[in-house]
1. Go through LEU84, THR99, LEU58 and say which Cα lies farthest out towards the positive end of the charge dipole of the chain; charges sit on Cβ, +1 for Lys and Arg, -1 for Asp and Glu.
2. So what is the 222 nm mean residue ellipticity for the chain from helices alone, if each DSSP H run of at least 4 adds -39500 (n - 2.57) and you divide by all residues, rounding to the nearest 500 deg cm²/dmol?
3. Please check which bits of the stretch 84-109 a label hung off ARG32 would reach, taking the label as a point 7 Å along Cα-to-C-beta and the cut-off as backbone N under 16 Å.
4. So if I average 1/r over every pair of distinct C-alpha atoms in the stretch 34-111 and take the inverse, what Kirkwood radius in Å does that give?
5. Accessible surface of ILE95 in the full protein assembly, 1.4 angstrom probe, to the nearest 10 Å²?
6. Which net charge results when you count Lys and Arg as +1 and Asp and Glu as -1 among the other residues whose beta-carbon is under 13 Å from that of ILE15?
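The values are calculated or read from the model by the stated rules, or taken from the named source; none is laboratory data. Since the model is a prediction, treat every value here as computed from it, not as a measurement. Here Cβ is always computed from backbone atoms with ideal geometry, including for glycine, and neighbour counts include all displayed protein chains. The area values use the complete protein model at the heavy-atom level, side chains included, leaving out ligands, DNA and RNA. Shrake-Rupley method; radii C 1.70, N 1.55, O 1.52, S 1.80 Å.
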Amino acid sequence: MADAVYLIGTVLVIISAVLADGCVAAQMLLARWWLTPQGRHVFVFQGALALTLDLWGLRALTSPRAAAPPVDWFLIARTAAFALIPIALGWRLIIIIRTWRTGRRNRKESG
């Protein structure tokens, strides 16, 4: 049971890291984040989150795991926490892309 919970948590960490990197890339390429203090804050926050998730994912993929301990509170908490992160990051990525498309359409219509 502990191996399954660990594997699920690790997959969620990796998915979260990929989505966080996607949010940073989309924000960097599609948004004018540097124009406002709020935009700069969101960009830096997303970057910090992405870097943290990348490091955690790298550690999960490269470090050997000891013999499976019984399922403990940490494995359950990690899995629960990372079950929500991909949803939030996927939602954010959709918002970034929709905002960019709307702005682009409005600029084309007005000029």
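1. Result: THR99.
2. -30500 deg cm²/dmol
3. Output list for this probe position: 99-109.
4. After inverting the mean inverse Cα-Cα distance, the result is 16.0 Å.
5. Surface open to solvent at ILE95 totals about 90 Å².
6. Summing Lys and Arg as +1 and Asp and Glu as -1 gives -2.
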